[in-house]
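Taking it in order: structure first as structure tokens, then the write-up.
The values are calculated or read from the model by the stated rules, or taken from the named source; none is laboratory data. As the structure is a computational prediction, the values presented were derived from the model and not from experiment. Cβ atoms come from the backbone with ideal geometry, glycine included; neighbour counts cover every protein chain shown.
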Amino acid sequence: MGAPGAGKGTHAKEISKKYNIPHISTGDILREEVNKDSELGKKAKSYMDSGKLLPDDVIIEIIGKRLQEDDCRNGYLFDGFPRTIHQAELLDEVSVPDAVIYLKCPDDLIIKRLTGRRISKDGRIYNVYFDPPPEGMEVYQRDDDNEETIRKRLQVFYDTFFPIMNFYKEKGIFHELRGDEEKEIVIKKIFTLLDELGQ
Ligand code: AP5
Ligand code: MG
């Protein structure tokens, strides 16, 4: 979990590789639907472009379908889900997460990270300030990575996050890490935490 730009996608890719579990990003799934111009994509676009959350029932249906796929048998990693207390409660009915990691990051850094984010065609995440794409590589910017929408997304995050945090704190599975340190340091701390929890 974490605010927009906290590093969820960046670090989820590494976790998924190391532990060989699928990375399930509701944002990525929705963006694929937008690119396909499907009915779901058409619906999702207006919410995403204005920085608002999609209705819970839409997200729950996406997650329900995704969890039935074979690669989820040995575990999975969510990125950007659950985003509301209702989503967290419904997830609990299916399976309680082993661990919830919250990457904490200050707002001013978030604005810089998101306005500087660039993504390659194969989904690698770069940053013009912190991790520039190789010379000549074709990259694109997300439609919601403009300052106005970023501020709205941040507001939505702060409006919804704390009840979810308390929900997982009460279960004793909530872990907070600094998301504003160098990428290599953040991922090292995540691996250490997950390895300790797995013992
Ligand atoms: P989603 O795609 O989940 O977007 P988000 O939460 O706004 O988060 P981001 O993907 O922007 O940030 P991130 O934390 O993944 O950062 P990243 O690793 O890329 O959701 C988009 C929209 O979909 C929502 O607004 C909503 O409309 C909808 N939606 C999705 N899920 C939903 C749900 N469950 N319910 C309802 N609606 C939902 O990093 C950002 C940048 O920083 C990159 O350039 C990266 O290179 C850089 N960076 C990262 N870490 C570091 C570091 N340690 N040091 C230096 N640079 C770093
Ligand atoms: Mg992301």
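For residues that are touching a helix residue (DSSP H, G or I) at 6+ places or on another chain (Cβ under 9 Å) and farther than 24 Å from Tyr76 by Cα, tally how many sit in the range 13-36.
Our first condition is that a residue be touching a helix residue (DSSP H, G or I) at 6+ places or on another chain (Cβ under 9 Å); within the range 13-36, this holds for 14-15, 18-19, 21-35.
Now narrow it down to the ones that are farther than 24 Å from Tyr76 by Cα: 35.
Count: 1.
If I go through the range 46-86 residue by residue, how many of them are of a type in the set (S, T, N, Q) and either free of Cβ contacts under 8 Å to residues at least 60 places away in the same chain or more than 12 Å from ligand 1 (Cβ to nearest atom) (or both)?
In the first step, residues of the range 46-86 are kept if they are of a type in the set (S, T, N, Q); the result is 46, 50, 68, 74, 84.
Of the ones still in play, those that are also either free of Cβ contacts under 8 Å to residues at least 60 places away in the same chain or more than 12 Å from ligand 1 (Cβ to nearest atom) (or both) are 46, 68, 74.
Of the residues in the range 46-86, 3 are of a type in the set (S, T, N, Q) and either free of Cβ contacts under 8 Å to residues at least 60 places away in the same chain or more than 12 Å from ligand 1 (Cβ to nearest atom) (or both).
Go through the range 11-48 and count every residue that is among the hydrophobic types (A, V, I, L, M, F, W, C) and touching a strand residue (DSSP E or B) at 6+ places or on another chain (Cβ under 6 Å). Please lay out each step first, then the result.
Looking only at the range 11-48, we keep the residues that are among the hydrophobic types (A, V, I, L, M, F, W, C), and these are 12, 15, 21, 24, 29-30, 34, 40, 44, 48.
Narrowing further to those that are touching a strand residue (DSSP E or B) at 6+ places or on another chain (Cβ under 6 Å): 12, 15, 21, 24.
Matching residues across the range 11-48 total 4.
I'd like the residue in the range 127-144 that is more than 15 Å from Leu53 (Cα to Cα) and within 13 Å of ligand 2 (Cβ to nearest atom) and, out of all such residues, is surrounded by the most Cβ atoms within 10 Å (Cβ to Cβ).
Only one residue tops the list, namely Asn127.
Going by the structure shown, is Lys18 out of contact with any Ser or Thr (no Cβ under 8 Å at 6 or more places or on another chain) and closer than 18 Å to Arg142 by Cα? Let's see the steps before the verdict.
Numbers: out of contact with any Ser or Thr (no Cβ under 8 Å at 6 or more places or on another chain): yes; closer than 18 Å to Arg142 by Cα: no.
So Lys18 fails the test.
Go through the range 105-139 and give me each residue that's closer than 20 Å to Leu30 by Cα and in a helix (DSSP H, G or I).
Leu114 - this is the single residue of the range 105-139 that is closer than 20 Å to Leu30 by Cα and in a helix (DSSP H, G or I).
For the range 60-68, check the following and say yes or no: at least one residue is polar (S, T, N, Q), closer than 30 Å to Asp108 by Cα and either at pLDDT 95 or above or within 14 Å of the chain's Cα centre (by Cα) (or both). Write out each step before concluding.
Restricting attention to the range 60-68, the residues satisfying the condition of being polar (S, T, N, Q) are 68.
Those still in the list that are closer than 30 Å to Asp108 by Cα too: none.
Checking the range 60-68: not a single residue is polar (S, T, N, Q), closer than 30 Å to Asp108 by Cα and either at pLDDT 95 or above or within 14 Å of the chain's Cα centre (by Cα) (or both).
Residues of the range 1-23 being near ligand 1 (Cβ under 10 Å from one of its atoms) and either of a type in the set (A, V, I, L, M) or assigned to a helix (DSSP H, G or I) (or both), which ones?
Of all residues in the range 1-23, those near ligand 1 (Cβ under 10 Å from one of its atoms) come to 1-13.
Of everything in the range 1-23, those that are near ligand 1 (Cβ under 10 Å from one of its atoms) and either of a type in the set (A, V, I, L, M) or assigned to a helix (DSSP H, G or I) (or both) turn out to be Met1, Ala3, Ala6, Lys8, Gly9, Thr10, His11, Ala12, Lys13.
Under the condition of being out of contact with any helix residue (DSSP H, G or I) (no Cβ under 7 Å at 6 or more places or on another chain) and assigned to a loop (DSSP other than H, G, I, E, B), which residue from the range 37-75 is nearest to Gly7 (Cα to Cα)?
Gly75
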